[in-house]
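To start, the structure under review is shown below, and the notes come after it.
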Amino acid sequence: MNRGLILKFENLVQLCGACRQLRTLSYRKVYRAQWKPVQSSAYPIQSVHLYPQFWQKDKLINVALSQYRHLATKEEKKKNKKKLPLTKGEVEIRQQMTIEELARAMGKDIDHIYEALLYTDTDLDSLEPDSILCEDYIKLIVKKSGMKYRSAKLKEEKERENTDAVKRPPADPALLSPRPPVVTIMGHVDHGKTTLLDSLRKTQVASMEAGGITQHIGAFLVHLPSGEKITFLDTPGHAAFSAMRARGTSVTDIVILVVAAEDGVMQQTVESIQHAKNAGVPLILAINKCDKPEADPERVKKELLGHDVVCEDFGGDVQAVNVSALKGENLMVLAEATVALAEVLELKADYTGLAEGTVIESRKDKGKGPVTTAIVQRGTLRKGCVLVAGKTWAKVRFMFDENGKAVDAATPGIPVEIMGWKEVPSAGDEILEVESEQRAHEVVAWRTYVEQQEKMKRDGEVIEAKQKEHRMEYEKKQQKLAHLTWRQRKAVLYKANKHLNFSKPKERTEMDKNVLSIIVKGDVDGSVEAILNILESYDADDECKLDIIHFGMGDISETDISLAEAFNGVVYGFSVKANETIKKLAAKKGIKIKLHNIIYKFIEDLKDELNSRLPPSVVENTIGEASVLDIFSVTVGKNKIPVAGCRVQKGQLDKKMKFKLIRKGDVIWKGSLSSLKHHKDDVQVIKTGMDCGLSLDKHIEFNIGDEIICYEEKEVQQTTSWDPGF
């Protein structure tokens, strides 16, 4: 017997008692001597009365009811409730349980949990199966389900020992040896950075770049005729790759700022200067394209004064070299200036011990697997070393230089490509060598644990803020319903939330046309990072929501197509490929695959796709205008129809088009004409200067001076207001 049946039984007994009391009052006069009042109890049960002919029977009833009254006290009622049979026994609960975990513990489906949450002030739209519930809600859900809860015993977790890997203490200066300088070439897009590096290396890197634009960091070791070595980092100059430029300055010793002599200081030039200042790295100014007739190196130097870059010609400490990367002029002067500055900086490193470095770029190669470009900063990196970076690790299988030649060791200042990673680390991650694979597992486990703890803390703060917000909303609702009884309040709340009973969060029965779901695949981690940074600036959700459902590195895969099909999305690839099998599968499923090699073309294509999702706007194109000069009416049957005598002032009136009536600047009516006449003849068109009589398809009285506008409606494709900034 559940609680509901007990309440019904109690109400029935109360009603029975009231009826017996009324009957007793009617017999008082006759049987006054036999009537006795009954002691009050927790429940107003019947008063005992005695009928002369049924004395024995009523006595038995009296005894039975007395026993019932004895059991129905508040204390006994609580005991009775504890003895109620349970539907599913006890549920072991704990703090920080998710909806999915609670449903599994109760042996129910997730819909049951959502239905129970209707009795709380929780916003169901914000909940997902992995959302964490507070302890009060967990207990309430269990109770509403007719079940008992038992708190799980908290395991006293010992404070976890920090097993992270850290850099070694600074080495003894006596053990340090000179190393090659790491030089980053920075500047505005198309100012000749890669061409300058080509001339130094005697290669043609720029010709292989899509659109002639560098779109990832290239690390190269250049051997000068003097025998000196310089490691160059060629960073992208395009606006989209700001994060890559910042990463380039974080591992560099010297920045060569390339400025085109005919263009002067541009947006990314200023940004590059700021990155160098933030990193505390000295600058060398390379004024490129000095062979052009319009070149003005002095103007460039003066413009840089406004950004605290003072050349030696103006009493500063920044070396300025006029070069022509295309013709190879003064390149050795620039190299000598770089070597001289490196000698002043006294760049040295420890070549012994465990290796340390930084991930410059990472990608997923189809044949090699996860690959990183890294610069060694301390120690000597060799084949077979065990490395950790971020939350992944590697046992070095192979190392390659910038020309693809296998190398067995890499010393400080030398860039190498490393194979053997379990997962692709993020660009900018610190690389540390550890003693063994077991130690690498410990480091990765610790870093994963720390990240989980930080995520739980952030989630807890968000949940707490949400609960506070929902509590305030709930209290406002309760104040509005304060005049109702609790049953009426429950009924009102149930009706308000009834539509949520059988719906699941994130259940997509049909896709909204104004949502563009995209999958982004890139060749390297930095490219994906740059694209995501651009997409973060999207601020036109009110026009069309942009939903990034997945991003990653590598060629387009079958999984990407399946995911795009599930979300009715578009697959975008940057410097990646899609084989014929994937293209046929996408065509079969109606999925668009858009591949690009140039960043601004990628963004233009994305904007076109966003525009296609926007609903067309309706534009009114005025065809003619007429003014009302006279008013009269015509009787048709029993109805009087208002007629306006008009003269066409501009254009023409076409009966097939739409019309509107304007009075004192306000639109009074829109629709079509029921008749259009010229000299009592029905016509289709009235041209400029001609008089006519017309009536509307609705009974509206005209005023002299009203304007009649003839127009047509055209649909015009809208364009997104999002501006990515380039």
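The values are calculated or read from the model by the stated rules, or taken from the named source; none is laboratory data. Here the structure is a predicted model, which means the values were calculated and not measured. Glycine gets a Cβ as well: all are built from the backbone with ideal geometry, and neighbour counts include every protein chain shown. We work out accessible area using only protein heavy atoms, side chains counted, and drop any ligands, DNA or RNA first. Shrake-Rupley method; radii C 1.70, N 1.55, O 1.52, S 1.80 Å.
A few remarks follow.
- FRET efficiency estimate (nearest 0.05) - Cβ-Cβ, GLU536 to MET456, R0 22 angstrom: 0.35
- Between LEU12 and ALA174, the modelled label-to-label distance comes to 10.0 nm, taking each label 7 Å out from Cα in the direction of the beta carbon.
- Among the protein heavy atoms of the stretch 515-613, carbon and sulfur supply 47% of the accessible surface, probe 1.4 Å, non-protein parts ignored.
- If the segment from ASP365 to MET332 were pulled out straight at 0.36 nm per residue, it would be longer than the present Cα-Cα gap by 8.3 nm.
- The alpha carbon centroids of the stretch 670-711 and the stretch 590-634 are separated by 30 Å.
- For the stretch 572-726: rounded, prolate or oblate by the Cα gyration tensor [a/c cutoff 1.5]: prolate
- Simple Cβ-charge dipole of the stretch 616-717, Lys/Arg +1 and Asp/Glu -1, about Cα centre, in debye nearest 20: 220 debye
- In the stretch 300-338, trypsin sites (Lys or Arg not before Pro) in a DSSP loop with at most 13 other beta-carbon atoms within 10 Å: LYS327
- Legend: calculated FRET efficiency, ALA445 to ALA340, from the Cβ-Cβ distance at R0 = 45 Å, rounded to 0.05, equals 0.40.
- Here, the stretch 325-378 is characterised by an Rg to Rh ratio of 1.17, where Rg is the alpha-carbon radius of gyration and Rh the Kirkwood radius.
- In a DSSP loop and with at most 16 other Cβ atoms within 10 Å, the GluC sites (Glu not before Pro) in the stretch 110-191 are GLU156, GLU157, GLU159, GLU161.
- The stretch between LYS466 and GLU580, if pulled fully straight at 0.36 nm per residue, gains 36.2 nm over its current Cα-Cα span.
- Zone of SER226's modelled label, taken as backbone nitrogen in the stretch 328-347 under 12 Å from a point 7 Å along Cα→Cβ: 332-344
- Extension gain from ARG94 to ILE549, taking 0.36 nm per residue of separation minus the Cα-Cα distance: 160.6 nm
- The stretch 387-443 pair-distance distribution - Cα-Cα, 10 Å bins, rounded %: 22, 53, 24, 1
- Cα→Cβ-extended label distance, 7 Å offset, between ASP130 and VAL618, nm: 4.5 nm
- On the basis of the beta-carbon distance and an R0 of 22 Å, ALA491 and HIS112 show a calculated FRET efficiency of 0.55.
- For the stretch 515-613, dividing the convex hull volume of the Cα atoms by the residue count gives 84 Å³ per residue.
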